[in-house]
Each structure stands twice: as structure tokens, then as C-alpha cells.
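Contents: one structure, followed by commentary.
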Amino acid sequence: MGIHFINATMDELQMVLEDRIDRGEKSFVVTANPEILMYSEKDQEYRGILESATMVTPDGAGIILAGKILGKPLKERLAGYDLFLRLLTASAKKGYKVYFLGAQRDVLETAIANAKNEYPGLNVAGYHDGYFQDDSSIVNDLKKLKPDIVFVGLGFPKQEKWINLHLSEMEKGLFIGLGGSFDGLAG
Ligand code: UDP
């Protein structure tokens, strides 16, 4: 389908992303499941976003299977939720500043409380629910806080379009779309 996936183990991916964060490099990660791939066939803007992202990870057994069939095997499935938990672990350990954007407010607040419990020392710089009319106060917050990681759970394609729209205004940070992961973390 013309999408270039990162071919790495989860350990390797985590290492690469931490290295980029440590160097203050901006990153935009898309965790692409088969649904996202199918959708990108009919939305040219979204497809362009996938092509311009720093990296696209294979988030689904179907994509791993397709790689095998095409003779271009990928090392490992790199699922959004797994990566989210890895990044929370790394953030607590290394003191990265994180920001959460998305989900219903009560869900998000529960997710953050659970994250702080599970990952003691986690530095949550800020958060905003995913139901807003105006981007500007969130964008201003992010520009001011300069988080190391911005977790965006607005569902696809909204989250990738939102990141793509505002990425150039940001100085640094790893931006990653995580779908319903905050709901998952909220339990
Ligand atoms: N969401 C949001 N703002 C919106 C639409 C959705 O914050 O305008 C959130 C929603 O509350 C849920 C997530 O985005 O937390 C979407 O989850 P879903 O599992 O549908 O997304 P997918 O994983 O399929 O991308």
C-alpha cells in the first residue's frame, strides 16, 4: 500500500524514541492498524500525513502477516497501547514531562490518576479533554509547557490531523496518536 513501516522490536523502538526525546528532537509517531491503512486509501490528506510522520508502526497482526506474505517481514507488532505503557515507564524513570490530550474529562482524570499510581514520579505537565471547540488554548499551553511527550487520544483520523496541524508550531516533543488508550488506562 506504499506505507513505510518501522521494522524494529519494541525495545529498539523505545530506544530510538528515547534517544530522540533526549536530544530534544521533535517526533510524530502513528501507530497504524489495518483500519487506519484502509482509511488512508480514501483520504488523501490523511495518507499524506502518514507519509510525512516521523514513523509509522505496525499495530496489528494483519500487518505483520501482510509483511510475511509480501516477503518483507517485520520484526514485531508495535501496538499503540503497549508503546503508551512503555513511554509512561520511561517518563517516570527519566523525568520526562508528559501531556495528555483526549477522551472525556472524567475518563482522562481517572487515567492520569491511575498512571501516577502505576508509574510513581510521573511528571504530568498538563492535560485537556478531547471535546473542545477551539485549539488555541491547548496549543498555547503546549508551547508554554514544552512537554517531552504529548499523548493524543482523539481517535483516528482526528488525532493525526490535529498533531499534523500544530506540529510546526512546537519546539520539541514526541507526539503520538493513541486512540482509545486513555479509556484503557482508566479501566
Ligand atoms: N475522542 C475525543 N474527542 C473526540 C472524539 C473522540 O477525545 O472528538 C476520544 C474518545 O473519548 C476516546 C477516543 O477518542 O477516548 C477514541 O477511541 P476509539 O477507540 O474510538 O478510537 P480508535 O482507537 O479506534 O482510534
task = Please report the relative contact order for segment 1-148, taking Cα pairs under 8 Å with a sequence separation of at least 6, and give it as a percent rounded to a whole number.
result = 22 percent
ask   = With each pseudo-label sitting 7 Å past Cα toward Cβ, what's the E76-M15 distance in nm, one decimal?
value = 1.1 nm
query = Between their Cα atoms, which of K72/K158; K68/K97; K26/K75; K72/K161 are more than 27 Å away from each other?
reply = K72/K158; K68/K97; K72/K161
key: Length-normalised contact order of segment 58-122 in % [C-alpha pairs under 8 Å, at least 6 apart]   = 28 percent
request  = Please order T54, T9 by the number of other Cβ within 10 Å, starting at the fewest.
outcome  = T9, T54
remark   = Going from the fewest other Cβ atoms within 10 Å to the most, one would list Y39, Y99, Y46 as Y39, Y46, Y99
task = Just the number, please: Stokes-Einstein D of segment 10-186 in µm²/s, Kirkwood Rh from C-alpha pairs, 10 °C, 1.306 mPa s.
result = 97 µm²/s
ask   = Projected onto the charge dipole of the chain (+1 at Lys/Arg Cβ, -1 at Asp/Glu Cβ, origin at the Cα centre), which of L50, V152, L83 gives the Cα projection farthest towards the positive end?
value = L83
query = Taking 0.36 nm per residue of separation and subtracting the Cα-Cα distance, what length does fully extending E25 through E118 add?
reply = 30.8 nm
key: Dipole magnitude of the chain about its Cα centre (Cβ charges: Lys, Arg +1; Asp, Glu -1), debye to nearest 20   = 340 debye
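Throughout, read-outs are computed from the coordinates displayed, never taken from laboratory work. Being a predicted model, the structure only gives us computed values, none of them experimental. For neighbour counting, all protein chains shown are included, and Cβ atoms are generated from backbone atoms with ideal geometry for every residue, glycine included.
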